[in-house]
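Input: a single structure, listed below in structure tokens.
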Amino acid sequence: SPTGDSSTVLQAQEEIIEMKDVFSVKLKRRRFVGQKRGGTLLGITIFKCLNKEGNKLTDCAVHLNNSSEDHCQSWFRHLKEILNGFQNRPKSLKVFVNPSSHKREATHVYYEQVAPLFKLADIKTDVTVTEYEGHALAVLKECELQAFDGVVCVGGDGSVSEVAHGLLLKAQIDAGKDTDYIPTPVRAPVPLGIIPAGTTNILAHTLYGIKHAVTATLHIVMGHIQPVDVCTFSTPSKLLRFGFSAMFGFGARTLALAEKHRWMPSSQRKDFAFIKTLADLKPEECELSFLPLQIPQEDSRENDRITLLYLGSKDQWHKIQGHFLNVSIMAIPCLCSMAPRGLAPNTRLNNGSMALILVQNTSRTEFIKHLKRYASVKNQFNFPFVETYTVQEVKVQPRPKSGLDAKENTYLNPASAEGNYPWNIDGDLMKEASEVHVRVHPQLINLYGVNTDDLESSQATCNCI
């Protein structure tokens with residue numbers, strides 16, 4: 001009761017906390033400055049995960065007061081036993097931090113926002129601060145993954161792509177598989193957690209619906225698991241990469257130009273590369289072959305109105321040859337702040353298919369109209385020069401330019417003039433001279449997170465159709 005007012009009777013308010021929302025319990029003690037052990041027992045503190053608006057998660061502390069050592073220890077032991085029973089929650093993590101991501105904020109984000117929550121949840125961590133491109137891949141190839149419950153990457157899309165590739169490549173090596181040709185890859189043995197600390201953070205946005213380090217951390221701590229499809233990008237002779245999305249043409253040329261201006265600040269070089277590539281807009285001539293998605297027959301007894309739908313007969317490849325400004329191949333919706341509906345809103349995280357989006361040669365004005373649609377709620381594919389397909393496999397074979405076109409292209413894009421065509425794979429630049437073959441592999445990796453864009457994606461798909 002309030003001090004000095006013994007006549008006031010307070011009504012008790014009951015609150016229920018579900019243990020599935022709790023991630024830590026600690027004994028609460030009062031200690032003097034500098035005192036690390038002991039102290040006056042005050043009770044126990046329960047830390048729970050709280051859902052906020054806009055897909056955001058935060059942590060919340062509930063203090064339960066009791067001065068009995070035996071009573072508190074008994075409650076503490078029982079609550080810890082319950083928490084230890086949640087199987088998906090990690091107890092040991094391998095962490096990669098890319099200090100060069102975006103505004104060099106990844107290290108600060110990890111040690112100020114992420115590490116304290118891992119410590120609070122009693123999660124042991126082994127941290128590698130990467131020193132060069134390919135560092136995480138080199139470490140993962142030699143890493144004993146069975147010692148960890150998961151792998152975490154703190155960085156942008158390029159960093160996440162490298163860690164995901166390394167994690168899956170390690171799985172093939174451990175299984176004794178050939179890493180040059182992988183028709184049926186082995187699933188990643190442990191989940192991958194993504195802490196967004198880059199510029200666009202497409203994977204984080206697609207998983208969480210928001211760029212928020214604490215939200216991402218709590219998904220990892222709570223052990224929320226989301227199976228995700230992964231693509232293999234290969235030439236006829238070797239595996240290039242495991243990845244989630246790729247662009248050929250405008251999207252790849254923009255990235256290639258931005259990489260040549262690394263001395264600029266991140267946002268400036270990307271804006272410069274975008275404007276410069278748009279000013280020098282040129283199509284790529286190539287031949288595209290794709291295998292449409294096979295939709296299996298539904299049980300007609302459940303719904304008499306369901307009809308059998310095949311988008312192509314078994315192993316029937318379709319071919320298109322022409323001039324394309326951009327080719328996108330995406331196994332996930334690819335949400336980001338610049339494209340809230342997603343770069344590929346008519347696909348999902350784990351439906352075993354890829355979206356193939358072809359932008360044929362058109363005027364610069366019309367192409368800009370198409371790009372602007374990504375930032376709006378309108379259908380970005382509702383143009384006569386844009387075609388979309390739902391596919392299982394894609395082959396992209398560039399056609400070298402000749403004559404005057406080749407001379408002009410040498411100045412605008414020296415890489416493709418030399419026979420090496422740029423590819424943007426998850427924000428990472430790759431250059432290849434030969435045909436690139438892309439396959440989708442259903443639910444090849446588990447990511448920490450939830451598919452928060454289901455409702456938006458479903459609505460976007462209906463709009464697109």
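The values are calculated or read from the model by the stated rules, or taken from the named source; none is laboratory data. These numbers were taken from a predicted model, which means no experiment stands behind them. Cβ atoms come from the backbone with ideal geometry, glycine included; neighbour counts cover every protein chain shown. Just so you know, the surface numbers come from the protein's heavy atoms only, side chains and all, with ligands and any DNA or RNA stripped out. Shrake-Rupley method; radii C 1.70, N 1.55, O 1.52, S 1.80 Å.
Largest accessible area first, the residues ILE82, ILE220 order themselves as ILE82, ILE220 under a 1.4 Å probe with ligands, DNA and RNA left out. Within the accessible surface of segment 19-85, defined with a 1.4 Å probe on protein heavy atoms only, the carbon and sulfur portion equals 50 percent.
Heavy-atom accessible area for HIS108, with the other protein chains in place and a 1.4 Å probe, reaches approximately 110 Å². Electrostatic tally near PRO384: other residues with Cβ closer than 12 Å to its Cβ, Lys and Arg +1, Asp and Glu -1, net -1.
Mind running the shape call on segment 313-352? Use the C-alpha gyration tensor, a ≥ b ≥ c as the square roots of the eigenvalues: rounded below 1.5 for a/c, prolate if a/b tops b/c, oblate otherwise.
It comes out oblate by the Cα gyration axes.
Seen through its C-alpha gyration tensor, with square-root eigenvalues sorted a ≥ b ≥ c, segment 129-212 comes out prolate because a/c lies at 1.5 or above while a/b is bigger than b/c. For the pair segment 72-94 and segment 147-184, the centres of their Cα atoms are 29 angstrom apart. Assuming a ≥ b ≥ c are the square roots of the Cα gyration tensor eigenvalues, decide whether segment 19-85 counts as rounded (a/c under 1.5), prolate (otherwise, with a/b larger than b/c) or oblate. Oblate.
Amide H contacts under 5 Å for CYS153: PHE96, GLY193, ILE194, ILE195, restricted to partners 5 or more places along the chain or on a different chain, H placed in the peptide plane at 1.01 Å from N.
Once the Cα-Cα distance is subtracted from the 0.36 nm per residue extended length, the GLU142 to ASP126 segment shows a gain of 4.3 nm. For TYR181, the accessible surface of its heavy atoms amounts to roughly 130 Å² (probe 1.4 Å, protein chains only, rounded to the nearest 10).
Count the net charge of all other residues whose Cβ sits under 12 Å from the Cβ of PHE367, scoring Lys and Arg as +1 and Asp and Glu as -1.
On the way: positive: LYS282, ARG364, LYS369, LYS372, ARG373; negative: GLU366.
The answer is +4.
The 3J(HN,Hα) values that the Karplus relation (6.51, -1.76, 1.60; θ = phi - 60°) gives for segment 175-182 are, in residue order, 8, x, 8, 5, 8, 8, 10, 10 Hz. Gly and Pro appear as x.
Counting only other residues whose beta carbon sits under 12 Å from that of HIS261, what net charge do I get with K and R as +1, D and E as -1? Provide the component values of the computation, followed by the final result.
Values: positive: LYS260, ARG262, ARG269, LYS270, LYS276; negative: GLU259, ASP271.
Around HIS261, the charge tally is +3.
If you take Rg/Rh (Cα atoms, Kirkwood Rh) from the coordinates, which of [x] 1.05; [y] 0.94; [z] 1.16 do you get? Read-out taken from this structure: [x]. Entry comment: accessible area of the chain is 50 Å² per residue, from protein heavy atoms only and a probe of 1.4 Å.
A cut-off of 5 Å between modelled amide H atoms, ignoring neighbours fewer than 5 places along the same chain, links LEU447 with LEU192, GLN226, VAL228. Percent of Cα pairs in segment 107-154 per distance bin of 10 Å, from zero to the largest separation: 21, 52, 27, 1. Rolling a 1.4 Å probe over the protein chains gives MET247 an accessible area of about 50 Å². Taking 23 Å as the straight-line reach from the Cα of LYS119, the lysines in range (excluding those fewer than 8 positions away in the same chain) are LYS20, LYS26, LYS28, LYS36, LYS48, LYS52, LYS56, LYS80, LYS91, LYS94, LYS211.
Taking amide H as placed 1.01 Å from N in the peptide plane, the amide H of LEU325 sits under 5 Å from that of GLU284, VAL359, GLN360, ASN361, each at least 5 places away or on another chain.
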